[in-house]
Amino acid sequence: MPISERKTELRRRRKRREKYAILKRKLEKATVSERAAIAEKIRRMSPDPEVVLANFGLTERSA
């Protein structure tokens with residue numbers, strides 16, 4: 001893998017980690033509908049969303 005791709009992937013990981021921290025803070029005060037919206041955002045941005053959702057305590061998928 002060329003170094004430029006590695007740098008790009010590392011940048012993506014860092015941004016995801018920052019975004020997870022922001023979303024985790026928002027989850028503390030979120031209502032049920034806001035929790036569902038945050039869960040959807042995590043599903044869209046994460047390569048393995050179910051692990052992240054389990055870590056955040058959002059294992060059940062709301063319909």
Report the charge-dipole magnitude of the chain in Debye, nearest 20, computed about the Cα centre from +1 at each Lys and Arg Cβ and -1 at each Asp and Glu Cβ. 420 debye
Projecting each Cα onto the charge dipole of the chain (Lys/Arg +1, Asp/Glu -1 at the beta carbon, about the Cα centre), which of T31, V52, A21 comes out farthest on the positive side? A21
Listed peptides 31-37, 21-27 by packing density, highest first (mean Cβ within 10 Å): 21-27, 31-37
Expressed in nm to one decimal, what extension gain is obtained for the pair T8 and A54 from 0.36 nm per residue of sequence separation less their Cα-Cα distance? 13.9 nm
Residue-averaged [θ]222 nm for the chain, counting only DSSP H segments that reach four residues, each worth -39500 (n - 2.57): -26000 deg cm²/dmol
Any idea how far apart R16 and S33 come out in nm if each label point goes 7 Å out from Cα toward Cβ? 3.0 nm
Which label marks the calculated value of P(r) over Cα pairs in 10 Å bins from 0, in percent, given the options [x] 21, 48, 20, 9, 1; [y] 17, 20, 17, 16, 13, 11, 6, 1; [z] 23, 38, 25, 11, 3, 0? [x]
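Since every read-out is calculated from the coordinates, none of them should be taken as a lab result. All of these numbers come straight from a predicted model, not from anything done at the bench. Cβ atoms come from the backbone with ideal geometry, glycine included; neighbour counts cover every protein chain shown.
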